[in-house]
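The values are calculated or read from the model by the stated rules, or taken from the named source; none is laboratory data. Since this is a predicted model, take the numbers as computed values, not measurements. So basically every Cβ, Gly included, is an ideal-geometry build from the backbone, and we count neighbours across all protein chains shown. What goes into the accessible areas is simple: the full protein's heavy atoms, side chains included, and nothing from ligands, DNA or RNA. Shrake-Rupley method; radii C 1.70, N 1.55, O 1.52, S 1.80 Å.
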Amino acid sequence: MNGFMDKLSEKIMPLANWLGQNRYLTVLRDAFMLSFPLTMFGSIIVVLNNLPFFSDELKGTLGNLLGNGQNATMSIMTVFVTFGIGYYLSQSYEVDGIFGGAVAFASFLILTPFFMTTEAGDTVSGILSLDRLGAKGMFLGMIAAFLATELYCRVTKKGWQIKMPDGVPPAVAKSFAALIPAILTLSVFLVINAIMVGVFNANLHDVIYEVIQKPLTGLGGSLPATLIALFFVQFLWFFGLHGQIIVNSVMDPIWNTLMLDNLEAYQAGDKLPHIVTKPFMETFTVGLGGSGMTLAVVIILAFFMKKKQYKDIGRLALGPGVFNVNEPVIFGLPIVLNATILIPWVLAPLVVTTLNYLVMAAGIVPAPTGVSVPWTVPIIASGVLATNSWLGGLLQVVDFVIVALIWFPFLKALDREVETDI
């Protein structure tokens, strides 16, 4: 068994390391983290505005008074992501990040229609629709930001800049240095938009949304794709690689877009269109003790194992585990490269996630509303906040019990194995 694991590790490590160190995936991860404090603030406002014991009249009043807290943060998440991509990608090329972020965002806006059609069929010009800056524009924003920043950085690296004398203030010198690369980059996107509007009578927002975003989010929000993603999270962690970061760098654009779709529907009082979203993944997987849902494992170790070494590991990991930090048990048990517990480590999240998806699809438990809940919020509280229902917290308790039942025989076998060895 160990020989097989060694050979498998040799095959999987290069790919995992490439994913973890890939420039574009790293930039994308950092760009989403840039928006995290803002989306968290918006989520708090949404929760306050929609507490279940508030009347519809009070909710409407709070929406009018506090609604801009959400509109200026979560609803325009694409704004922060596009700027973040430009900023971090420019920095990775050792180019000034501020101008890279500004050019990336402006390039996205050039491709964005400054009009919207009302329900009556009238066209109103000179305005930006929130959905273009939120869920609907997410994929175009990412594509435009990466392409614009690449072009901007390449032009900059070629030295096509206006260089000012040494006595010029740095802010002025940097502005002139960015002038030619910015003009060339924005001109390219302006020509692209002119072709789309003038020749095809269309806009890239709608094209990207229909051709790329809808199929990808439909696939990424499905149960099979979610289980595959979870499998790789667990599998990579088994080899000591941070599976959450590696897999999320690929899946976060999809899960965040689905989250924004749900939030828009929730705010409008419509049926939630998706089950799998970023809050679903964090609340009903990571929210049960960290990657692998190990809070139940920690409690079994602390209170049901015979060997002192396991009891000590469990009690040491219990405090962090309540807040979904589980590195102490991953590396202390250890879970890494421990073939004895590979089966429950991989199986438990897949079983629980399948159950959660099915009960939400059946309408027994409401799906997450789109509110972003910090992954460090303890079990039950995070479930209630994510779904705006006590049923979300109850489902987490059921998940906890299932994880414990799956892990218990394997942990007891490990306990007996040590006892035999001693």
ask   = Roughly how much of Leu316 is accessible, in Å² to the nearest 10, using a 1.4 Å probe?
value = 130
task = Would you compute, for the Cα atoms of the stretch 236-416, the largest minus smallest coordinate along each principal axis and list the three values in descending order, in whole Å?
result = 55, 31, 25
query = Considering only Thr340, Ile246, Leu350, whose Cα is most displaced toward the positive end of the charge dipole of the stretch 236-416, charges sitting on Cβ of Lys, Arg (+1) and Asp, Glu (-1)?
reply = Thr340
query = With charges set only on the Cβ (+1 for Lys and Arg, -1 for Asp and Glu), what does the dipole of the stretch 75-219 come to about its Cα centre, in debye to the nearest 20?
reply = 400
query = What lysines sit close enough to Lys214 to cross-link, taking a C-alpha to C-alpha distance under 25 Å and skipping anything fewer than 8 places away on the same chain?
reply = Lys136, Lys271, Lys278
note = Computed over the chain: longest principal axis from alpha-carbon atoms vs helix 77-92 long axis, angle to nearest 10 degrees, is 90
query = Taking the chain as a Gaussian network, Cα atoms linked when under 10 Å apart, which of Met77, Met305, Met259 shows the biggest mean-square fluctuation?
reply = Met305
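Counting only helical runs of four or more DSSP H residues, what would the 222 nm mean residue ellipticity of the chain come to if each run contributes -39,500 (n - 2.57) and the total is spread over all its residues? Mind showing how you got there, number by number?
On the way: 20 runs with 295 residues, N = 422.
Helices in the chain give a 222 nm mean residue ellipticity of -23000 deg cm²/dmol.
I need the peptides 206-213, 160-167 ranked by packing, meaning the mean over residues of other C-beta atoms within 10 angstrom, with the highest value on top. Walk me through the intermediate numbers first.
On the way: 206-213: 16.0, 160-167: 10.5.
Per-residue Cβ counts within 10 Å, averaged per peptide and sorted highest first, yield 206-213, 160-167.
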Degrees, to the nearest 10: 342-361 long Cα axis against longest axis of the chain = 60
request  = Springs between alpha-carbon atoms under 10 Å, Gaussian network over the chain: tell me which of Asp252, Asp261, Asp56 tops the mean-square fluctuations.
outcome  = Asp56
request  = Once you have the Kirkwood Rh of the stretch 198-294 from its Cα pairs, apply Stokes-Einstein at 4 °C and 1.567 mPa s and quote D in µm²/s.
outcome  = 88
remark   = Ignoring ligands and nucleic acids, Asp131 exposes an accessible area, probe 1.4 Å, in Å² to the nearest 10, of 50
message = Please report the spacing between the Cα centers of the stretch 28-79 and the stretch 133-191 in Å, no decimals.
response = 31
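How large, in percent, is the carbon and sulfur part of the accessible surface of the stretch 183-232 at a probe radius of 1.4 Å? Kindly include the intermediate steps, with their values, before the conclusion.
Working: 2190 of 2770 Å².
Accessible surface attributable to carbon and sulfur in the stretch 183-232 totals 79 percent.
At 1.4 Å probe size, put Ile313, Ile341, Ile180 in order of accessible surface, largest to smallest. Present the calculation step by step, with values, prior to reporting the outcome.
On the way: Ile313 30, Ile341 0, Ile180 60 Å².
Largest to smallest exposure gives the sequence Ile180, Ile313, Ile341.
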Cβ-placed point charges (K, R +1; D, E -1), dipole of the chain about Cα centre in debye, nearest 20 = 720
ask   = Taking the stretch 75-219 as the region of interest, what is the percent of Cα-Cα pairs per 10 angstrom bin, listed from the shortest bin to the one with the maximum distance?
value = 12, 36, 31, 15, 5, 1
ask   = Which residue, Phe36, Phe280, Phe304, has the most motion in a Gaussian network model of the chain that connects Cα atoms within less than 10 Å?
value = Phe304
query = With the dipole of the stretch 75-219 worked out from charges on the C-beta (+1 for Lys and Arg, -1 for Asp and Glu) around the Cα centre, which of Gly141, Tyr87, Pro113 lies farthest toward the positive end?
reply = Tyr87
key: Qualifying lysines (Cα of each under 24 Å from Cα of Lys307; at least 8 residues distant if same chain)   = Lys412
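Leaving out ligands and nucleic acids, note down the accessible area per residue over the chain with a 1.4 angstrom probe, in whole Å².
46
Mind checking Rg over Rh on the stretch 24-113, alpha carbons, Kirkwood formula for Rh? All intermediate terms of the calculation are to be shown ahead of the outcome.
On the way: Rg = 16.6 Å, Rh = 14.5 Å.
A ratio of 1.15.
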key: Dipole moment magnitude, nearest 20 debye, the stretch 303-422 about Cα centre, only Lys, Arg, Asp, Glu C-beta charged   = 220
key: Average Cα contact separation per residue, the chain, under 8 Å, 6 or more apart, as relative contact order %   = 14
The chain: angle of helix 2-21 to the longest principal axis, Cα-based, in degrees nearest 10 = 20
key: Pair-distance profile P(r), taking every C-alpha pair of the stretch 135-261, with 5 angstrom steps and integer %   = 2, 9, 13, 13, 12, 12, 12, 10, 8, 6, 2, 1, 0
query = From the residues Leu184, Met164, Gln213, which one has its Cα farthest along the dipole of the stretch 75-219 in the positive direction, the dipole being from +1 and -1 charges on Cβ of Lys/Arg and Asp/Glu about the Cα centre?
reply = Met164
task = Check cross-link reach from Lys157 to the lysines: straight Cα distance under 17 Å, and skip same-chain residues fewer than eight apart.
result = Lys174
